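Following: one structure in C-alpha cells, then a few remarks.
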Amino acid sequence: MLAVAILAIVLPFGLNAFQLTTATFVLIAAIGALGLNVLTGYTGQISLGHAFFLAVGAYTAAVLGGNDHLTAAIWLPAAGVVAALCGALVGPTALRLRGLYLAIVTIGLVFIGQHIWFNVAAISGGPGGRSFPPVTFGSFDFSAGQQLTLGGLVIDHNGLYYYLALIILAAAMLFVWNLTRGRPGRAMQAVRDREIAAAIMGVDLARTKMNAFVISSFLTGVSGALYASYLSFATPGQWSLLLSVQYVAAIIVGGIGTVWGALLGSIVIFALPSVLQSLIPQSSSGGLPIDDITSIAYGVLIIAFVVLEPHGVVGLGRRVASLWARVAGGAGEGGRLSQEAQAIETGEATWAG
C-alpha cells in the first residue's frame, strides 16, 4: 500500500502532458466506477443508467459553479447530494424489479436524461453544450494555465486536477472498504447473493437497496462534476448509453465486487482509447476510426473476462499470487529434499532404526 501511494504521488512528474491528462481522466472515472461497483458489484442491482447520474452531477456543478459562481467546496459535494437524491427516487423501483427488468428501467433514465439535457438549455446549454466552471478553493484556482509551486516543484493545471481526483478516490475507496467490512456491507452482499435468504436472516431489503442507490449515486455525481469541470465543456450527447456501458465494462474487467477493481478497470477501459491512438496511427486513406475500434475492444474485453475470469484483473492478480506462492513453496520443498538427499549420500545423515 505504501509503495502504491508513493507511486501515485510521484507519477505526474514522470509523465508528459498527454499521459498526465489520461491519468487524470482515469482517476476521475474510477470514482464513478467505484460507485457503480457498490450498486452492482456488492448489492447485485444491475444498472445501465450510470451516465444519467454523471450528467446530474455535472450540470449541478454547472448551475452552482457557473451560474451562481459558488466555490467548488460547495458545488462539488452538492453534485453528489443532488445525484444521491435522484438515486433515492429511483431506488424504490429496485424493490419491485430485478435483473433484466431493472436494467431496462435504468436504460430509460439515460434516454429521459438525454431529452432533458437537449431541451432545457438553462441547465445544459441545449444541443450546442455549455462550459463548466473550473475548480476553485479560495485562492486555489485549477483553471488552465494556473500553476502551484511547492519548493522547487511546479504543479500545473493537469497536476492539480490529478491530485484532487487522487485524494477523492482514496477517500472513497477507504469509505467503501470500511462499508463492505461492516454490517451494511454484509447486508448488501447478502442481498446480492440471495434476496430471499437475506430477508430470512433479517436483512431489510428496502433499506439496503436504497442505501446502495444513494451511495452509488453520490460517488457518481461527484465524479461527473469533476469530469465536466476538467473537460471545461461538454454537450448533452456525451452522457449517452455508451458511457454507461464503459463503466459496466470497467467494473467487469477490473473485478466486480472489489474495491480495487474500480481503479484497475478504469485504467484498462478509460486509458484504452489513448493507448490505441498511439499504437494505431490513423491515415487519411481510410480504416476504422479509433472510436469504433475502442467499442469493439470493449466488447471483446467484456466477453473475455466474463467467460475466462469473472473476477477481472483482481482475480488474475490473485491467481498469479497463488501460483507464485505455490511455485515458491514447491521450490523451497524441493530444495530441502535435495539437501537431505545430499546429506545421506555423503554420510552426514543416517537412517534411524
Pulled fully out, how much extra length does the chain show between F137 and L11, if you take 0.36 nm times their separation in residues and subtract their Cα-Cα distance? 43.0 nm
Between R183 and V4, what is the label-to-label distance in nm when each label sits 7 Å out along the Cα-to-Cβ direction? 2.9 nm
Given a 1.4 Å probe, the accessible area of segment 141-292 per residue, as a whole number of Å², is 47 Å²
So, relative contact order of segment 1-144 in percent, Cα under 8 Å, 6 or more apart, is 25 percent
Long-range amide H contacts for R130: which residues qualify at under 5 Å (H placed 1.01 Å from N, peptide plane, sequence gap of 5 or more or a different chain)? A234
Say R0 is 51 Å: what FRET efficiency, to the nearest 0.05, do Y101 and L153 get from their beta-carbon distance? 0.45
Modelled FRET efficiency - R0 22 Å, N67 with F175, Cβ distances, 0.05 increments: 0.15
Starting from 0.36 nm per residue, how many nanometres of slack lie between S232 and R318 once their C-alpha separation is accounted for? 27.0 nm
Kindly express, to the nearest 10 degrees and within the range 0 to 90, the angle between helix 241-254's C-alpha long axis and the longest C-alpha principal axis of the chain. 20 degrees
For segment 14-20, what does the Karplus curve 6.51 cos²θ - 1.76 cosθ + 1.60, with θ = phi - 60°, yield as ³J(HN,Hα) per residue in whole Hz, taken in order and with x for Gly and Pro? x, 10, 7, 4, 5, 5, 5
Excluding ligands, DNA and RNA, the carbon-plus-sulfur percentage of the accessible area of the chain with a 1.4 Å probe reads 68 percent
Sequence-separation-based contact order of the chain, relative, with Cα cut under 8 Å and 6+ spacing, percent: 29 percent
Cut-off 10 angstrom, C-alpha nodes, Gaussian network model of the chain. Which of A29, A228, A58 fluctuates the most? A228
Between 0 and 90 degrees, rounded to the nearest ten: what's the tilt of helix 157-181 against the longest Cα principal axis of the chain? 60 degrees
Under-5 Å amide H pairs with Q146, H placed in peptide plane, nonlocal only: H157
Taking 7 Å along the Cα-to-C-beta vector as the label spot, tell me the A144-V275 distance in nanometres, rounded to one decimal. 2.8 nm
Whole-Hz Karplus couplings 3J(HN,Hα) for segment 95-103, θ = phi - 60° and coefficients 6.51, -1.76, 1.60, Gly and Pro as x, run 6, 9, 10, 7, x, 4, 5, 5, 4
Counting only Cα, what are the radius of gyration and maximum Cα-Cα distance Dmax of segment 137-180, in Å? 13.6, 41
Step through the residues of segment 314-326 one at a time and calculate ³J(HN,Hα) from phi using the Karplus curve (6.51 cos²θ - 1.76 cosθ + 1.60, θ = phi - 60°), rounding each to whole Hz and writing x for Gly and Pro. 4, x, 4, x, 5, 5, 5, 5, 5, 5, 5, 5, 5
Might you report the magnitude of the Cβ-based charge dipole of segment 145-261 about its Cα centre, with Lys and Arg at +1 and Asp and Glu at -1, to the nearest 20 debye? 400 debye
What is the angle, in °, between the Cα long axis of helix 72-90 and the longest principal axis of the Cα atoms in the chain? Nearest 10 is fine, range 0 to 90. 80 degrees
For the chain, what is the calculated [θ] at 222 nm in deg cm²/dmol (nearest 500), taking -39500 (n - 2.57) for each run of four or more DSSP H residues and dividing by its residue count? -22500 deg cm²/dmol
Tell me, what is the per residue accessible area of segment 23-117 in Å², probe radius 1.4 Å? 34 Å²
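The values are calculated or read from the model by the stated rules, or taken from the named source; none is laboratory data. Remember, predicted model here, so these are calculated numbers, not experimental data. Counting neighbours? That spans all protein chains shown, and the Cβs are built from the backbone with ideal geometry, glycine included. Quick note on the areas: whole protein, heavy atoms, side chains included, nothing else; ligands and nucleic acids left out. Shrake-Rupley method; radii C 1.70, N 1.55, O 1.52, S 1.80 Å.
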